[in-house]
Amino acid sequence: MDKFKQHKPWFDDECLGFLDQRKRAKIQCIQDPSQSNVDNLNKLRREVNRHFRNKKKAYLRAKIEELETNSKIQNIRDLYRGNSDFKEGYQPRCNKVKYEKGDLVADSHSIVARWRNYFSQLFSVHGVKDVGQTEIHTAEPLVPEPSASEVELAIDKLKSHKSPGIDQIPAELIKVEGRTIYLEIHKLIISIWKREKLPEEWKESIIVPIHKKGDKTDCNNYRGTSLLPTT
């Protein structure tokens, strides 16, 4: 894990110093497992984790501010490059997974196929009988089209620091573009409203397996979280 973190852009000499302190405390605890040494090691572990979280948050804030600045001054090249930093894709932490019969697979194509099969079975509905179509007459009230102000309010409420879906557009990027992008999104929504049909891309999501407990190679020990398109 430490080697993994050292390749992160926010990892610096100060972070390395925290790791050295924790390493020395761990060695001391192994040599003399007294209660004071154990408490000191646990304290350092909490401090290291807190420091890493703060470093990562500060780095992300700086990148977002950089995006905002490049957007305001119309620096499209650097804006695109900065946005690409958020689009590096999900990297699975476990590079092995088990088939249903317990056999391990390690190549990326087999792993993706195993996850696809697992979630397909998990989300499929069994035992549902055919239901006859019944014509239902309802008196639906006339609902007005979404206004530009409603779209702007919805965009303002988008949560930051969330992983994007298949569109790979972070919420921060939509927010910093301002009213210009708000109006374009409003036009898109009005077009969808009139056609009464959602784009196929909006119906798709990226399912990310989140480990719950137990064996990390067993798919049954994971829950899936869906990343929907930001737009």
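Could you grab me the full set of residues in the range 194-225 that are small (Gly, Ala, Ser) and touching a residue at least 60 places away in the same chain (Cβ under 8 Å)?
The one that is small (Gly, Ala, Ser) and touching a residue at least 60 places away in the same chain (Cβ under 8 Å): 224.
Is it the case that some residue within the range 72-83 is modelled with pLDDT under 60 and either touching a Leu at 6+ places or on another chain (Cβ under 7 Å) or not aliphatic (A, V, I, L, M) (or both)? First the steps, then the outcome.
Step one: filter the range 72-83 for residues modelled with pLDDT under 60, giving none.
The answer is no, given that none of the residues of the range 72-83 is modelled with pLDDT under 60 and either touching a Leu at 6+ places or on another chain (Cβ under 7 Å) or not aliphatic (A, V, I, L, M) (or both).
Which is at pLDDT 85 or above and in contact with a Leu (Cβ under 8 Å, 6 or more places away or on another chain), of 155, 185, 174, 192?
Working: 155 fails: in contact with a Leu (Cβ under 8 Å, 6 or more places away or on another chain); 185 fails: in contact with a Leu (Cβ under 8 Å, 6 or more places away or on another chain); 174 fails: at pLDDT 85 or above.
Residue meeting the stated conditions: 192.
What single numbered condition from (1) surrounded by 14 or more Cβ atoms within 10 Å (Cβ to Cβ); (2) farther than 30 Å from residue 117 by Cβ; (3) modelled with pLDDT under 85; (4) hydrophobic (A, V, I, L, M, F, W, C) fails to hold for residue 169?
Among (1) surrounded by 14 or more Cβ atoms within 10 Å (Cβ to Cβ); (2) farther than 30 Å from residue 117 by Cβ; (3) modelled with pLDDT under 85; (4) hydrophobic (A, V, I, L, M, F, W, C), the lone unmet condition for residue 169 is (2).
Which of the following residues is at pLDDT 90 or above and either among the β-branched types (Val, Ile, Thr) or assigned to a loop (DSSP other than H, G, I, E, B) (or both): 111, 27?
Answer to the check: 27.
Within the range 169-202, track down each residue that is outside any loop (DSSP other than H, G, I, E, B) and under 18 Å from residue 68 (Cβ atoms).
Selection gives 171, 172, 173, 174, 175, 176, 177, 179, 180, 181, 182.
Any chance you could count how many residues in the range 84-100 are at pLDDT 80 or above and either surrounded by fewer than 11 Cβ atoms within 10 Å (Cβ to Cβ) or not in a loop (DSSP other than H, G, I, E, B) (or both)?
2
The values are calculated or read from the model by the stated rules, or taken from the named source; none is laboratory data. Nothing here was measured: the structure is a model prediction, and the numbers come from that model. Cβ: placed from backbone, ideal geometry, glycine included. Neighbour counts: every protein chain shown.
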